[in-house]
Amino acid sequence: MPKKVKSIKAPKQNGYLTKELLGDFIRARRTQEGLKMVDVAMLCGISIATLSNLEKAEASVRVDLALNVAKMLGIKIVIEPWDEDEKLS
């Protein structure tokens, strides 16, 4: 019998999105849906290694690939507006 995927809770986001946090969100969503890495890789048209790198934040992954994986898993990434009068220091 195939091994069952263990569901992981979604992380909490307190501040800016990092590659580590994005990987945690993707892994949590994948496992909550009961999907194996091979399933998501095939769904998104990427290699298992690329998905693994994205989930573990171990190597550079193209932004378009990361956004596509998030989209395919139903993860919405929202950019909050900023105060245009506030300047960076």
Residue set 40, 61; condition under 12 Å from the mean Cα position of the chain (by Cα) and at pLDDT 95 or above; output residue 40
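May I ask you to verify whether residue 36 is in contact with a Pro (Cβ under 9 Å, 6 or more places away or on another chain) and not hydrophobic (A, V, I, L, M, F, W, C)?
yes
Against the condition in contact (Cβ under 8 Å) with a residue 24 or more places away in the chain and either of a type in the set (Asp, Glu) or on the phi > 0 side of the Ramachandran plot (or both), how does residue 58 come out, does it pass? Before you say what the answer is, go through the steps one by one.
Numbers: in contact (Cβ under 8 Å) with a residue 24 or more places away in the chain: no; either of a type in the set (Asp, Glu) or on the phi > 0 side of the Ramachandran plot (or both): yes.
No: the conditions fail for residue 58.
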When you look at residue 66, is it part of a helix (DSSP H, G or I), in contact with a Leu (Cβ under 9 Å, 6 or more places away or on another chain) and surrounded by 13 or more Cβ atoms within 10 Å (Cβ to Cβ), yes or no? yes
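Please go through segment 69-89 and pick out each residue that is surrounded by 10 or more Cβ atoms within 10 Å (Cβ to Cβ) and either among the aliphatic types (A, V, I, L, M) or part of a loop (DSSP other than H, G, I, E, B) (or both).
Looking only at segment 69-89, we keep the residues that are surrounded by 10 or more Cβ atoms within 10 Å (Cβ to Cβ), and these are 69-73, 75, 77.
Selection gives 69, 70, 72, 73, 75, 77.
The values are calculated or read from the model by the stated rules, or taken from the named source; none is laboratory data. Keep in mind it's a predicted model, so treat the numbers as computed, not measured. When we count neighbours, we look across all protein chains shown, and the Cβ atoms used for this are built from the backbone with ideal geometry, even at glycine.
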